[in-house]
1. Restricting the calculation to Cα positions, tell me the Rg (one decimal) and the Dmax (whole number) of chain B in Å.
2. Please compute, for peptide A:10-17, the average count of beta-carbon atoms on other protein chains lying within 10 Å of each residue's beta-carbon.
3. Projected onto the charge dipole of the stretch A:64-123 (+1 at Lys/Arg Cβ, -1 at Asp/Glu Cβ, origin at the Cα centre), which of A:ALA107, A:TYR117, A:VAL90 gives the Cα projection farthest towards the positive end?
4. Per residue of B:11-21, count partner chain C-beta atoms within 10 Å of its C-beta, then hand back the mean as an integer.
5. So how do A:GLU276, B:GLU160 rank on accessible area, 1.4 Å probe, biggest first, that is with the largest at the start?
6. Compute accessible area for the stretch A:251-267 by itself and then with all protein chains, 1.4 Å probe, and report residues whose area falls by 30 Å² or more.
7. What number comes out for the charge environment of A:GLY297, summing +1 per Lys or Arg and -1 per Asp or Glu over other residues with Cβ under 12 Å away?
8. Given N residues in the stretch A:200-320, what is Rg(Cα) / (2.2 N^0.38 Å)?
Amino acid sequence: MATILVYVETRGGAVQPIAFELLAAARSLAAPAGWTVEALVCAADPAAPAVEITAADCVLTMAHPALSPYLPEAHAAALQAVVDERQPDVVLFGYTTAGLDLAPATAGRTGRTLAAYCRTLALDGGALTASAQVYGGKLIAGIEAPLPAVACVMPGAFAEDAGRIAGSPERIVLPAPATLGALKTRVLEELFPEAGGVDLTQASRILCVGRGIGEAAKIAGAAEVAELLGAELAGSRPVIDAGWMPKARQVGKSGTKVRPKLYVAVGVSGAPEHLEGMAKSDLIVAINSDARAPIFGAAHFGAAIDLFDLLPALADRLRAG
Amino acid sequence: MHAAVVLRLVPDIADDLEISESGNDIDREWVGMKLNEFDDHALEEAVLLKERAGASVTAVALDGDGVDKLLQSAIARGADRVVKITYDELPPLPAAAAVAAILADAIQALGADVVLTGVQTPEDAGGQLAAALGARLGWPHLSAVAGVQPAPDGLIVRQEHSGGYATRVHAAGPVVLGVQSASQPPRYVSGSKLRQAIGVKPEKRAGGEAFAGPVAMVRRLAKPASGGGAAMWKGDADAVADQFVALLRERGLLKG
Ligand SMILES: Cc1cc2nc3c(=O)[nH]c(=O)nc-3n(C[C@H](O)[C@H](O)[C@H](O)COP(=O)(O)OP(=O)(O)OC[C@H]3O[C@@H](n4cnc5c(N)ncnc54)[C@H](O)[C@@H]3O)c2cc1C
């Protein structure tokens with residue numbers, strides 16, 4: 001019978017939320033077609049996280065010391081072995097660091113087609129069809145990936161509830177391939193975010209500065225407005241990469257995910273990786289000189305205006321109280 | 001150590017992107033093309049490897065409009081050698097496997113033992129190149145790389161995950177890196193260095209045979225459905241600031 005294989009990401013022995021979204025996606029694809037859903041947990045000790053998975057027909061586990069902490073070479077080898085053996089028709093990954101590693105690797109090593117950045121998935125004859133977010137979220141691509149296929153799914157595209165439903169899946173322990181004993185890479189160290197710095201997850205108001213701010217010296221004007229708003233100052237990734245703000249203040253996919261009462265984005269384009277970190281905020285206000293910037297699709301209120309005109313005007317009013 | 005850096009010209013997504021008549025590509029006639037942001041970081045990291053560990057750096061790009069200039073700017077940034085790879089044809093937004101097939105032989109022929117490229121491009125709906133190249137070359141790969149250090153017996157690579165979690169990974173042999181950010185922001189190059197580099201003529205090499213397997217195709221491009229989205233405030237800065245403050249007052253979100 002045709003199957004969909006879901007790669008289950010774990011960290012520190014816990015299943016990552018994206019896995020439940022993928023299970024939801026797999027179930028929505030499998031149900032109308034009468035396909036089965038298999039979930040794969042690869043870790044040094046996969047038993048505990050595997051118990052969390054109930055919304056699949058079958059949960060596959062593979063144990064090997066090289067599989068934790070996550071190492072791309074080890075997981076790519078494990079996936080190659082499992083996919084070659086079980087020949088799933090569709091393999092699903094989340095768009096995370098592991099998904100960036102493993103979706104193209106699995107496609108390349110097992111001769112499967114690949115659709116990235118998927119927001120919707122459907123089966124259409126002999127192909128997987130997907131709509132994918134491209135050009136920073138400005139356009140949607142309709143992709144046709146002949147089966148067997150791999151898809152990398154955007155976080156937030158599928159609600160995780162359907163991936164958490166109760167069930168009693170069959171549980172199968174798979175042998176680890178010999179390739180895991182001959183790896184050329186190894187994890188030296190895990191690095192955790194520094195404690196004690198700013199914790200954006202606790203902020204009720206955030207003012208986030210994007211690359212539109214132009215240079216480090218200009219951040220002071222935004223910091224003043226943040227102060228007047230009682231908001232924590234945050235930055236998009238390029239602002240952090242440029243060294244204009246510390247990493248603890250980065251919002252987004254590779255930064256902190258936040259859900260404040262108020263999120264003000266100035267000079268932020270609204271790339272999918274940024275939206276992933278803040279789109280669930282209660283009230284989002286976006287200021288961007290480009291009326292077509294994708295941030296306006298996620299914001300509740302906005303103005304297509306130069307931030308350098310707005311910030312002083314806003315500061316004046318907030319100061320006046 | 002010989003580092004190959006794969007550089008790609010991509011549409012500037014700050015421009016208005018129009019869909020071509022064929023419906024499955026953007027109209028490339030008027031859109032500005034620029035070096036993929038993450039490839040810029042990959043180039044910086046490669047040049048840092050040269051400075052810190054004496055690596056030789058070869059910048060590689062698929063042949064096309066604007067590529068000579070792109071590669072000359074890589075020379076000005078510190079690349080030792082620049083190579084453009086010729087190929088027959090690629091569909092719009094091509095599959096990573098197809099691009100990897102064109103590049104892999106040339107990279108191997110150059111004798112590179114580390115390949116750096118950007119973690120993604122704005123148009124790689126067919127998958128990210130770094131992992132696809134790794135699969136094609138049979139080398140390990142790491143994506144979302146934020147810093148590479150030379151070590152006596154290989155490289156130490158920092159791979160970033162979500163929420164500030166990262167790992168440091170030792171790579172003992174050849175490896176492909178999908179770079180997200182360099183150890184330091186990409187350097188500024190002076191006009192005089194750029195002018196000097198204009199004299200450099202990139203070497204030309206034939207790419208590998210076209211990818212034989214089935215690939216995913218982009219059938220159409222569309223603007224995202226509008227609806228939802230922000231209620232837009234009109235007027236000048238003062239008018240917008242007034243509406244902003246009124247909203248905060250209404251929602252009880254003014255400080256104090
Ligand atoms: C694996 C991965 C993880 C990532 N993680 C993150 C993450 O955690 N967080 C994150 O933010 N990004 C992340 N990114 C990067 C993301 O793809 C975008 O590159 C980034 O979000 C863009 O930042 P930006 O909006 O500040 O810059 P840009 O996209 O350059 O946008 C700048 C905006 O400013 C506007 N602007 C310019 N001047 C003005 C002005 N004077 N007034 C008003 N507006 C102006 C422009 O119109 C533009 O829309 C990640 C990418 C990858 C591949």
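1. Rg, Dmax (Cα atoms, Å): 21.4, 67.
2. Working: counts 0, 4, 1, 0, 0, 0, 2, 0.
That works out to 1 on average.
3. Projecting each Cα onto the dipole axis, the largest value belongs to A:TYR117.
4. Values: counts 2, 1, 10, 8, 4, 3, 6, 1, 1, 0, 0.
Mean partner shielding for this stretch: 3.
5. On the way: A:GLU276 50, B:GLU160 15 Å².
Ranked list, largest accessible area first: A:GLU276, B:GLU160.
6. A:SER254, A:LEU262
7. +3
8. Details: Rg = 12.6 Å, N = 121, 2.2 N^0.38 = 13.6 Å.
Rounded to two decimals, the normalised Rg is 0.93.
The values are calculated or read from the model by the stated rules, or taken from the named source; none is laboratory data. All of these numbers come straight from a predicted model, not from anything done at the bench. Every residue, glycine as well, gets a Cβ built from its backbone with ideal geometry; the counts of neighbours run over all protein chains shown. Please note that ligands, DNA and RNA were not included when accessible areas were found on the heavy atoms of the full protein model with its side chains. Shrake-Rupley method; radii C 1.70, N 1.55, O 1.52, S 1.80 Å.
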